[in-house]
Amino acid sequence: MSDEQPSKKMKVALTTLGCKVNQFESASFLSGLEERGAEIVPFSHKADVYIINTCAVTAKAGAQSRQMIRRALKLNPDARLVVTGCYSQVASQDVLEIGDWSLCIVGNGYKHRLVDIALSEKQCDLEMHMGDIGSQKAICQLPVQRFPGRTRAFLKIQDGCNNFCTYCIVPYARGRSRSLSEEAALEQISVFADHNYREIVITGIHVGMYGLDLSPPTDLFAFINKATAAFPHIRFRLSSLEPGEVQDELLDLMADRPNFMPHFHIPLQSGDNRILQEMHRRYKSEDFADLVGKIIKKIPHAAIGVDVLCGFPGEDEEAFSTTFSLLEGLPVTYLHVFPYSKRPGTIAAGMSRHVPGKMKEERVALLRALDKKKKVDFYRQHIGTSHLVLAENKKNRFKLMRGFTENYIPVYFQATESMTNQIIEISLERLEDGIVFGKIK
């Protein structure tokens, strides 16, 4: 415990933008704040301290980050404001220019100190805790006790990225790849198990690089093999995994081990090989198609989600059509479609032939319509089958229990509140307006 224990109970409000990694880190902040006796209040309330865990992956995320900073200032101009996350890392000067008040900027390499900084009794006057994120060699140790309001827990085992794709700001915001030790990661799973979490999503910035920087080196397969064997009562999912990192042994493990969920999320970004090369992606469209075919052959019921970046500089009609046709013809489950967003400091920001906004919007709309069709097709294939579903909550317009199958189909069914956080066998009965309804077997 820090020597900077506050003498009075502080009211702290926290908001999180962006990815599962940010959500894991914010859960760690909450665990530390509660341990120190802080009172957690909604971000819309007046607080003594506001913490904003920002995102910078798109221009929209940056704008939302600035908006939340201004919102905190209006809620209580006398409060301490702690701004952390990727936007504060890459645009600290922009954060400073929003206003002149009690502001602390905490870089991604110093998140392990955030609770101490937030609760310190020392006057916080435009403090910056930054450092060179690119030189960070060790991952921040950020233990988590629980995820308030969530049935599913996230486990960050890796941070940073070495790829430097031409459109991506993340390596500049997160630094190079760094891994959590197997011992620390398994210990965190034990904590989640003690708090009765039944499903854990293994996440990171580039999770496929896990373990390569440890001594002795290990890899993602070895870790998942250990984790799924050590905690057979917990379901494990993988977050995003690069196409070249889906190993045969990983597929075999998923096929053979019942608590390793048959669900992949694999970024394609573009189906056009010229665009992929200009993005500095390390595969071709035919490699991606072969991988999808391999997954479906090994695990026919697997869900496969795909990231697509629409409107990269130089993406002409032919390149977009090639991407659309590839995705249309592949047995993938859903698409996460993002319009390209110019990020200052990246190679792509300086490229010519930027796609006009209206054209980008039209292409995004076409891909999102394809996403809806893919989901419905996948759901329809599974009507009449039975699945093990983690019951999550009844907070929906149907007032029914909602949960996810092993292969990530959201399903609504009649159940009592007492069944929340239980894994229940559900028969998928019908599909109405793209929504799956089932019943307990």
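The values are calculated or read from the model by the stated rules, or taken from the named source; none is laboratory data. The model shown is predicted, which means the values in this text are computed figures rather than measured ones. Counting neighbours? That spans all protein chains shown, and the Cβs are built from the backbone with ideal geometry, glycine included.
Looking at region 373-392, which of its residues are surrounded by fewer than 16 Cβ atoms within 10 Å (Cβ to Cβ) and within 21 Å of the chain's Cα centre (by Cα)? Within region 373-392, none qualify.
Candidates are the residues of region 208-242 that are surrounded by fewer than 20 Cβ atoms within 10 Å (Cβ to Cβ) and charged (D, E, K, R); the one that is farthest from Asn407 (Cα to Cα) is Asp213. In contact with a helix residue (DSSP H, G or I) (Cβ under 9 Å, 6 or more places away or on another chain), in the same structural domain as Leu30 (by TED's automatic domain parsing) and hydroxyl-bearing (Ser, Thr, Tyr) - does that describe any residue in region 114-127? No, that holds for no residue.
When region 359-396 is filtered for residues that are in a loop (DSSP other than H, G, I, E, B) and either closer than 21 Å to Arg235 by Cα or in contact with a helix residue (DSSP H, G or I) (Cβ under 9 Å, 6 or more places away or on another chain) (or both), the ones remaining, listed by number, are His382, Thr385, Lys394. Quick check on region 302-309. Is at least one of its residues outside the structural domain of Lys60 (by TED's automatic domain parsing), loosely packed, with under 15 Cβ neighbours inside 10 Å and touching a strand residue (DSSP E or B) at 6+ places or on another chain (Cβ under 9 Å)? Yes, region 302-309 has at least one match. Working only within region 310-341, note down all residues that are part of a loop (DSSP other than H, G, I, E, B) and surrounded by 15 or more Cβ atoms within 10 Å (Cβ to Cβ). Gly311, Phe312, Pro313, Gly314, Glu315, Leu330, Pro331, Val332, Thr333, Tyr340, Ser341, listed by residue number. Condition check for Ser44 on (1) modelled with pLDDT under 95; (2) under 18 Å from the mean Cα position of the chain (by Cα): one failure, at (2). Do we find a residue being within 23 Å of Val292 (Cβ to Cβ), modelled with pLDDT of 95 or more and either in a loop (DSSP other than H, G, I, E, B) or of a type in the set (D, E, K, R) (or both) anywhere in region 179-189? Checking region 179-189: not a single residue is within 23 Å of Val292 (Cβ to Cβ), modelled with pLDDT of 95 or more and either in a loop (DSSP other than H, G, I, E, B) or of a type in the set (D, E, K, R) (or both).
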